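Contents: one structure, followed by commentary.
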Amino acid sequence: LRANVSVIQKETGFVNGLIAVLHDITEQEKIDMERREFVANVSHELRTPLTTMRSYVEALAEGAWQDKEIAPKFLDVTQTETERMIRLVNDLLQLSKMDSKDYNLTKEWINVVSFFNRIIDRFELSKEQNVTFERKLPDHSAFVEIDGDKLTQVIDNIISNALKYSPEGGKVTFRLEEQNDFVNISVSDEGVGIPKENINKIFERFYRVDKARTRKLGGTGLGLAIAKEMVEAHGGEIWATSQEGKGTTISFSLPYDRTEEDDWA
Ligand code: ADP
């Protein structure tokens, strides 16, 4: 908030009035600041892999390509960095699509119980870590009108994080609960957790609790920001609860009308 204060003063010098104009500059300035910060973040996120790649390619060009030991390692680094940039650009495109006004969801009535089960199956089949999965899902169907592709991406982002931060031998628990007007979907892990003061920031673009560590894990810092936009586009909410050192639960809700279920029974 900015205040302009004018003093109304008579020639005699006596002050007989004060006019205070309070401008609500917070909104516009906040948007400008966020935009500048966003551009700075994007530039930084792209510069990091690019400078890494430049030094490795330089070393290769200067002769490392002839070393059978070193050359594959250096090429591997440039490949990893290229993939990170592709992920980043794809995430950015996704966000910019959602920012534009003509952004539309392609909604269908979907049984979210089998929908969620299928996604968990895919992760269970391809997981390489020693992590156990536990499902606490209803054994009957629950139909919700959703954009399946978008919500697949939301759940993918949440499960990938749960696996990324899970310790060896940890358990990941999947829940789907029906409430009166909402279906709540959640994924809990037994990982490092998130400090209390950071918990609400994890849905902001580029926010990471531990930049160095999560960058090593290949994250872009955009996954949960995308998830939040998509859930909110559905009229739902997304939130996190966590205990440092014990684990994290990421949950989201979707508007649900139980009476619709009768049509499908
Ligand atoms: P990233 O690509 O870095 O994973 P996200 O937007 O998906 O970006 O997540 C933002 C940050 O939130 C992560 O960098 C991490 O610090 C934190 N985070 C997200 N999920 C978890 C989790 N399951 N356990 C611990 N920290 C998490």
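The values are calculated or read from the model by the stated rules, or taken from the named source; none is laboratory data. Everything numeric here is computed off the predicted structure, so don't read it as measured data. Here the Cβ positions follow ideal geometry from the backbone for every residue, glycine too, while neighbour counts run over all protein chains shown. For accessibility, only protein heavy atoms count, side chains too; no ligands or nucleic acids. Shrake-Rupley method; radii C 1.70, N 1.55, O 1.52, S 1.80 Å.
Remarks
- Just one of the listed residues (E168, E177, E128) is without any contact (Cβ under 8 Å) to a residue 60 or more places away in the chain, of a type in the set (D, E) and surrounded by 13 or more Cβ atoms within 10 Å (Cβ to Cβ), namely E177.
- Of the strands (runs of 3 or more DSSP E) entirely within region 135-252, those holding at least 3 residues that are out of contact with any helix residue (DSSP H, G or I) (no Cβ under 6 Å at 6 or more places or on another chain) occupy 171-178, 182-189, 238-243.
- Hits in region 219-238 (condition: over 14 Å from Q94 (Cα atoms), within 12 Å of the ligand (Cβ to nearest atom) and at pLDDT 95 or above): I238
- Residue match in region 209-218 (condition: more than 7 Å from the ligand (Cβ to nearest atom) and at pLDDT 95 or above): no
- Selection within region 186-203 - within 9 Å of the ligand (Cβ to nearest atom) and charged (D, E, K, R): D189, K201
- Among the candidates N161, N117, the residue that is under 30 Å from L217 (Cβ atoms), within 16 Å of the ligand (Cβ to nearest atom) and surrounded by 11 or more Cβ atoms within 10 Å (Cβ to Cβ) is uniquely N161.
- Selection status of V183, at pLDDT 95 or above, more than 8 Å from the ligand (Cβ to nearest atom) and more than 25 Å from V39 (Cα to Cα): yes
- Leading residue by the ranking (least open to solvent (accessible area, probe 1.4 Å)) among those in region 132-149 that are out of contact with any Asp or Glu (no Cβ under 8 Å at 6 or more places or on another chain) and either of a type in the set (V, I, T) or within 16 Å of the ligand (Cβ to nearest atom) (or both): V144
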